[in-house]
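Novice: Sharing a structure, written as structure tokens. Questions coming.
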Amino acid sequence: MPDSQAYDPYVLLDDVVKLLSERGLSPQRNEESSQERIRAACALLAGLGIEPRLAQGATPDLDGNMNYNRRIHGD
């Protein structure tokens, strides 16, 4: 088993919605509780020893890759 495990909390939420739907339930997502859902998914992952990590490209690039270039290429 790898030393560090990670999973995208958004994917976990989709997985849970799918599982609940398969079990005959009708989960509802409303925008008012979106941050609460993400915090709960992150807490669940962390509680299971898995690092909550967004998939690469899931976050907006607000600085035009300047931070990436500086860290990787020293630009």
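The values are calculated or read from the model by the stated rules, or taken from the named source; none is laboratory data. Bear in mind the structure is a predicted one, so any value in this text is a computation, not a measurement. Every residue, glycine among them, receives a Cβ derived from its backbone with ideal geometry; neighbour counts consider all protein chains shown. The area values use the complete protein model at the heavy-atom level, side chains included, leaving out ligands, DNA and RNA. Shrake-Rupley method; radii C 1.70, N 1.55, O 1.52, S 1.80 Å.
Novice: Hey, any hits in segment 30-42 for a residue that's in a loop (DSSP other than H, G, I, E, B) and at pLDDT below 95?
Specialist: yes
Novice: Six or more apart or on different chains, Cβ atoms under 8 Å: show the pairs whose first residue is in segment 26-41 and closer than 12 Å to residue 13 by Cα and whose second is open to solvent by 70 Å² or more (accessible area, probe 1.4 Å).
Specialist: 37/29; 38/10; 41/10
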